[in-house]
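The values are calculated or read from the model by the stated rules, or taken from the named source; none is laboratory data. Everything numeric in this text was worked out from a predicted model, so none of it was measured. FYI the Cβ positions are ideal-geometry reconstructions off the backbone, even for glycines, and counts take in every protein chain you see.
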């Protein structure tokens, strides 16, 4: 029999090694931060309650780290892993609430090594990663609230559910799943009704500034999401094609997970007990969000991009262990650990290989070098600091991140540049052929991007 303390040690060792691997490997193999992280940092340079593509939480998170660590790349790989580890920890916590056997809780977390959302893609801090801890925290405190009916649990649920929504709007799918579970089991949990609505009120209060921002900006983020999913371009075939593609991709993604699970199972047989509240809850939080997003694809013809599913499988391990725990072969646990180690090592190895061999990857962009050249040219021509960079999230966003003055990034020329003066110190980035013709200041090119510098001489 495995001692409780040894299981706990194994769990925390897993967290530590995961943190270490996925912070250090991208740090040493990438010369530049990934696109989505640079994008969040660009938004963070001029914080608001929303941005053109997404709600603001990812920007708030990276800007908090920037104020502490500055433009040190390791900090943002570390930040991403902190978000992942918090989600793992609360998967572990919920599993401990459900299982009497602590080994099952450990297996529930380790099985996630078979889903590449929780390893290979995590170095890039973005809105998908930023959802993860709040998805896990919301589920955990909702479950705690239902069973304890304590005010603190419902308050925490309200807070974390709003933060999840401020990470990405797709968070609504887990909130709908929790609502459906609550309504479906209303007789059992009616004592919690008032506190459940209280938690919703807390959540809405936190979201109010973002809703005002949405209204003031013509719901720009919602329209971006609709455009990104392809629903603005109506096509009858998409209502059939996109859901089928979605299902095929999800099956492929989950193959390593099921291979790992197969190792410890004697046989796949389980009659679902409708009276088992834990299993019904786990089925609800795992399957309802998937069913809802599949329904969205069918009704709207939406293309569900693979990375959007990042948080959806956090509790898949807990679900399958719960369903088949009577058929788990304890004698095969050692074999499972070997398979787990294989996937645990495989993912960073593949990442390392690709990073070292792929000469076209975006993370080889010489952002630091370009910023140095731009800064030198600026210092040769102007006496004031660079305070504003204007252009796309990548070229201008990299300048905002790497330049020592931490200039504000602006993309919307029409609405945000009318009051800009040379005293402010501005760099425009863009097509060099166009910029050269209209540039009223000092023009320069660092292929393939052109720069127009306007400052005080």
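Listed by position, the helices (runs of 4 or more DSSP H) inside region 185-235 whose residues that are under 30 Å from residue 279 (Cα atoms) and assigned by TED's automatic domain parsing to the domain that holds residue 170 number at least 2 are 186-189, 193-216. Does residue 298 satisfy the criteria of being in a helix (DSSP H, G or I), closer than 28 Å to residue 123 by Cα and under 25 Å from the mean Cα position of the chain (by Cα)? It is false that residue 298 is in a helix (DSSP H, G or I), closer than 28 Å to residue 123 by Cα and under 25 Å from the mean Cα position of the chain (by Cα). The single condition among (1) under 20 Å from residue 283 (Cβ atoms); (2) without any contact (Cβ under 8 Å) to a residue 12 or more places away in the chain that residue 181 does not satisfy is (2). Contact map, region 237-256: residues that are surrounded by fewer than 16 Cβ atoms within 10 Å (Cβ to Cβ) paired with residues that are part of a helix (DSSP H, G or I), Cβ distance under 7 Å, separation 6+ or inter-chain. Pairs shown: 239/298; 249/306. Residues that are modelled with pLDDT under 95, over 20 Å from residue 36 (Cβ atoms) and not assigned by TED's automatic domain parsing to the domain that holds residue 39 do not occur anywhere in region 393-401. Here residue 374 fits the description: in the same structural domain as residue 425 (by TED's automatic domain parsing), within 27 Å of residue 399 (Cα to Cα) and in a helix (DSSP H, G or I). Does region 204-216 include one or more residues that are crowded, with 21+ Cβ neighbours inside 10 Å and touching a helix residue (DSSP H, G or I) at 6+ places or on another chain (Cβ under 9 Å)? Among the residues of region 204-216, not one is crowded, with 21+ Cβ neighbours inside 10 Å and touching a helix residue (DSSP H, G or I) at 6+ places or on another chain (Cβ under 9 Å), which makes the answer no. Is there a residue being over 19 Å from residue 443 (Cα atoms), in contact with a strand residue (DSSP E or B) (Cβ under 7 Å, 6 or more places away or on another chain) and buried (at least 18 other Cβ atoms within 10 Å of the Cβ) anywhere in region 344-367? No. Of all residues in region 286-306, none are in the same structural domain as residue 262 (by TED's automatic domain parsing), over 19 Å from residue 228 (Cβ atoms) and in contact with a strand residue (DSSP E or B) (Cβ under 8 Å, 6 or more places away or on another chain).
Summed over region 319-341, residues that are under 25 Å from the mean Cα position of the chain (by Cα) and farther than 11 Å from residue 261 by Cα total 2. Candidates 146, 163: the one that is within 20 Å of residue 53 (Cβ to Cβ) and either surrounded by fewer than 24 Cβ atoms within 10 Å (Cβ to Cβ) or outside the structural domain of residue 228 (by TED's automatic domain parsing) (or both) is 163.
Mind checking which residues of region 368-389 are surrounded by 15 or more Cβ atoms within 10 Å (Cβ to Cβ), without any contact (Cβ under 8 Å) to a residue 40 or more places away in the chain and within 19 Å of residue 439 (Cβ to Cβ)? Those that are surrounded by 15 or more Cβ atoms within 10 Å (Cβ to Cβ), without any contact (Cβ under 8 Å) to a residue 40 or more places away in the chain and within 19 Å of residue 439 (Cβ to Cβ): 375, 387, 388. Restricting 346, 341, 323 to those that are in contact with a helix residue (DSSP H, G or I) (Cβ under 8 Å, 6 or more places away or on another chain), at pLDDT 90 or above and in the same structural domain as residue 32 (by TED's automatic domain parsing) reduces the list to 323. Apart from one condition, residue 359 fits all of (1) touching a residue at least 24 places away in the same chain (Cβ under 8 Å); (2) under 30 Å from residue 127 (Cβ atoms); the exception is (1). Scan region 431-443 for residues that are modelled with pLDDT under 90 and buried (at least 19 other Cβ atoms within 10 Å of the Cβ) and the total you get is 1. Evaluating residue 326 against the criteria (1) over 28 Å from residue 138 (Cα atoms); (2) touching a residue at least 60 places away in the same chain (Cβ under 8 Å) leaves one unmet condition, (2).
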